[in-house]
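For reference, the structure is listed below as structure tokens.
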Amino acid sequence: MGENHTKKFRFKKKDWLLIGIIVVVAGAAFLFHELIGGEGAGVISVKVDGVLEGTYTLSKDQEISINGGTNILIIKDGKADMEEADCPDQLCVHQKAISKNHESIICLPHKVVVEVESAESGKLDGISN
Ligand SMILES: [Zn+2]
């Protein structure tokens with residue numbers, strides 16, 4: 001009589017607990033990877049003429065006006081891309097979106113450098129000059 005029941009319910013409480021733990025750990029690892037370790041998970045720094053204008057996270061979609069609006073940077077889907085610029089060469093606009101550590105977009109005419117930094121924030125030692 002009881003045989004059918006035991007066959008149906010193969011998972012015991014302990015197993016579900018184990019599965020729960022695995023799911024949580026996997027989810028946390030995935031999140032951690034997305035937010036910190038993975039592609040498009042960094043922080044970008046924006047420098048104008050060697051002076052840090054700001055740092056921005058790639059995990060939040062946003063539009064950044066650089067150098068008083070000469071360059072418009074878009075952060076979308078974990079990537080930073082120079083959307084618009086009023087420089088004559090437009091080279092920065094044509095550079096591909098950046099998302100990995102130490103990739104950069106440079107606008108020579110405006111001396112704008114956008115670079116992907118490591119995920120750790122508060123890296124401020126570049127300012128002193
Ligand atoms: Zn440019």
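The values are calculated or read from the model by the stated rules, or taken from the named source; none is laboratory data. It should be emphasised that the depicted structure is a prediction, and the values quoted were computed from it without experimental measurement. Methodologically, a virtual Cβ is constructed for each residue, glycine included, from the backbone with ideal geometry; neighbour enumeration extends over all protein chains shown. Heads up: the accessible areas ignore ligands, DNA and RNA and are worked out on the full protein's heavy atoms, side chains in. Shrake-Rupley method; radii C 1.70, N 1.55, O 1.52, S 1.80 Å.
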Checking the structure you have, find out if any residue of the stretch 6-13 is part of a loop (DSSP other than H, G, I, E, B), modelled with pLDDT under 95 and of a type in the set (A, V, I, L, M, F, W, C).
yes
Assuming residue 77 fulfils every condition listed in (1) in the same structural domain as residue 111 (by TED's automatic domain parsing); (2) open to solvent by less than 60 Å² (accessible area, probe 1.4 Å); (3) at pLDDT below 95 apart from one, which condition is it?
(2)
Let me spell it out: the conditions are (1) at pLDDT below 95; (2) over 22 Å from residue 117 (Cα atoms), and residue 70 meets all of them except one. Which number is the exception?
(1)
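Please state which one of 102, 94, 110 is buried (at least 16 other Cβ atoms within 10 Å of the Cβ), farther than 13 Å from residue 58 by Cα and not small (Gly, Ala, Ser).
Matching residue, one of 102, 94, 110: 110.
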